[in-house]
């Protein structure tokens, strides 16, 4: 799904030669740096770097990776991704399972006044509280937010910052593909998104990685209007690959009023907590296959 050679090629193409002291002129036709320039700046032979980009040099040393990260101007997230890709042939991490512990479900119960959910590395929602179900307009187990953003909500407008959301999702899935390159369900999801969304294909080809831990998240809900929320992602322990995601509203603002109204509408419909204390063990069957 992801590989060191492809990542190096895309990162090389974005480096400004002038920023690393290489003069340019109007006759230069290469986007970014040439292979021999990267090799020279990194202190490795041109032949060795060419073999890296062709996938024929599979175990670069820490010193080589450090030099490449420096020349390519990688940030902390990209640097970690580079090291994981380089280690893939030596250590292939097994994709974690999708079982949510009962204690975590109790934590969801304790989150009042804010949508909260538990997601895995594939962006499958494994459990959510009542407000999360009301926000997304559906039950939580079975929702995949990547599929929801690219294939189900692209034209309907739930995500007020849709373009930014798509960048975050693709960057997250790139990271996940680097951590779990042999996860067949992740590969299937990426293939489905690539088949169904031109924007996903374009963004995926850029090989950008992102680790979003907090930030603004805006929704345009059909019943209560614009909800400008703050998202916090809490990585869960035990290398489960899961995150607790909480979408909170600033106190005293319109978003807090909107969430309160949304909760009230759910209560009026007898559905204040439609997904509270629910979880799912994700099936490996393809979409559309009857579940038993």
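FYI, it's all coordinate maths here, none of it is from the lab. Please read all numbers here as calculations on a predicted model, not as lab measurements. Note that each Cβ is placed from the backbone with ideal geometry, even for glycine, and that neighbours are counted across all protein chains shown.
Between residue 31 and residue 139, what FRET efficiency comes out of the Förster formula 1/(1 + (r/R0)^6) with R0 = 41 Å and r the beta carbon distance, rounded to 0.05?
Working: r = 46 Å, r/R0 = 1.12.
About 0.35, to the nearest 0.05.
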Treating every alpha carbon of the stretch 102-268 as one equal point scatterer without solvent, the Debye formula yields log10 I(q)/I(0) values at q = 0.10, 0.18, 0.19, 0.21 Å⁻¹ of -0.37, -1.20, -1.32, -1.56
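Sorting check: for 243-249, 49-55, 119-125, which peptide has the highest mean count of neighbouring beta carbons within 10 Å, and how do the rest follow?
Numbers: 243-249: 19.3, 49-55: 16.7, 119-125: 22.4.
Result, highest mean Cβ count within 10 Å first: 119-125, 243-249, 49-55.
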Per the helix-only model, the chain has a calculated mean residue ellipticity at 222 nm (DSSP H runs of ≥4, -39500 (n - 2.57) each, divided over all residues, rounded to the nearest 500) of -12500 deg cm²/dmol
Helix 254-268 sits off the longest principal axis of the Cα atoms of the chain, rounded to the nearest 10 on a 0 to 90 degree scale, by 50 degrees
Expected sort for 255-263, 188-196 on mean C-beta neighbours within 10 Å, highest first, is 255-263, 188-196
Taking every C-alpha to C-alpha distance in the stretch 4-87 and binning by 5 Å from 0, the per-bin percentages run 3, 15, 28, 28, 16, 7, 3, 1
Checking rank on 80-87, 217-224, with mean other Cβ inside 10 Å and highest first, the result is 80-87, 217-224
With Cα coordinates, the longest principal axis of the chain makes an angle with the long axis of helix 76-87, in degrees rounded to 10, of 70 degrees
Helix 62-72 sits off the longest principal axis of the Cα atoms of the chain, rounded to the nearest 10 on a 0 to 90 degree scale, by 80 degrees
